[in-house]
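Q: Okay, handing you the structure first.
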Amino acid sequence: MLKIGLDIHGVVDLMPKFFAELTKILVSTGNEVHILTGRSINDKLFEEINKYDIHYTHLFSIIDYHKKLGTPIYWEDDDNPWIDNELWNKQKQIIVKNMRYN
């Protein structure tokens with residue numbers, strides 16, 4: 001089984017037709033597609049994923065996870081949260097490591 005992680009913003013949104021077809025094939029053949037996002041999981045995010053026709057098996061929000069931990073979050077605007085870059089990058093590493101072993 002293949003496990004792939006994709007970010008919506010800056011990856012999928014740059015080539016949505018390609019990723020729509022890729023994720024459809026991957027999920028339909030029993031593989032895992034993990035959507036990793038820096039945005040909160042909410043209706044707006046689901047609308048965006050649906051607009052791009054992205055198929056996925058897992059969805060993880062780095063910012064929602066860090067909200068629960070009480071990590072300081074800085075908001076550029078309602079859609080653009082930021083946390084310390086070191087924490088951000090470390091969280092991505094943890095997610096990818098867990099994808100490999102789960």
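Q: Does at least one position in region 86-102 carry a residue that is at pLDDT 90 or above, surrounded by fewer than 16 Cβ atoms within 10 Å (Cβ to Cβ) and in a helix (DSSP H, G or I)?
A: So far as region 86-102 goes, no, none of its residues is at pLDDT 90 or above, surrounded by fewer than 16 Cβ atoms within 10 Å (Cβ to Cβ) and in a helix (DSSP H, G or I).
Q: Would it be correct to say that Ile41 is buried (at least 17 other Cβ atoms within 10 Å of the Cβ), under 12 Å from the mean Cα position of the chain (by Cα), at negative phi and not basic (Lys, Arg)?
A: no
Q: Regarding region 24-34, can at least one residue be identified that is closer than 26 Å to Trp82 by Cβ and in contact with an Asp or Glu (Cβ under 7 Å, 6 or more places away or on another chain)?
A: No; the residues of region 24-34 include none that is closer than 26 Å to Trp82 by Cβ and in contact with an Asp or Glu (Cβ under 7 Å, 6 or more places away or on another chain).
Q: Any residue in region 17-31 that is within 21 Å of Ile95 (Cβ to Cβ) and among the charged types (D, E, K, R)?
A: No, every residue in region 17-31 fails to be within 21 Å of Ile95 (Cβ to Cβ) and among the charged types (D, E, K, R).
Q: To continue, here is another question. Please go through region 20-39 and pick out each residue that is in contact with a strand residue (DSSP E or B) (Cβ under 6 Å, 6 or more places away or on another chain) and of a type outside the set (A, V, I, L, M).
A: Thr23, Glu32, His34, Thr37
Q: Turning to a different aspect of this structure: Which of (1) in contact (Cβ under 8 Å) with a residue 40 or more places away in the chain; (2) closer than 13 Å to Ile8 by Cα; (3) in contact with a strand residue (DSSP E or B) (Cβ under 6 Å, 6 or more places away or on another chain) is the odd one out, the single condition Leu59 does not satisfy?
A: (1) is the only condition that Leu59 fails.
Q: A further question on this structure: Might you check whether a residue that is within 23 Å of Met99 (Cα to Cα) and either in contact with a strand residue (DSSP E or B) (Cβ under 8 Å, 6 or more places away or on another chain) or loosely packed, with under 14 Cβ neighbours inside 10 Å (or both) occurs anywhere in region 70-82?
A: no
Q: Shifting gears a bit: Here are some residues: Tyr56, Tyr52. Which one is aromatic (Phe, Trp, Tyr), modelled with pLDDT of 90 or more, surrounded by 14 or more Cβ atoms within 10 Å (Cβ to Cβ) and touching a Pro at 6+ places or on another chain (Cβ under 6 Å)?
A: Just one listed residue meets the conditions, Tyr52.
Q: What are the residues in region 7-43 that are part of a loop (DSSP other than H, G, I, E, B), touching a residue at least 12 places away in the same chain (Cβ under 8 Å) and aliphatic (A, V, I, L, M), if any?
A: The answer is Ile8, Ile41.
Q: Determine whether Phe46 is in a helix (DSSP H, G or I), of a type in the set (Phe, Trp, Tyr), modelled with pLDDT of 95 or more and surrounded by fewer than 14 Cβ atoms within 10 Å (Cβ to Cβ).
A: Judged against the criteria, Phe46 is a match.
The values are calculated or read from the model by the stated rules, or taken from the named source; none is laboratory data. Being a predicted model, the structure only gives us computed values, none of them experimental. Backbone-built Cβ (ideal geometry, glycine too); neighbour counts: all protein chains shown.
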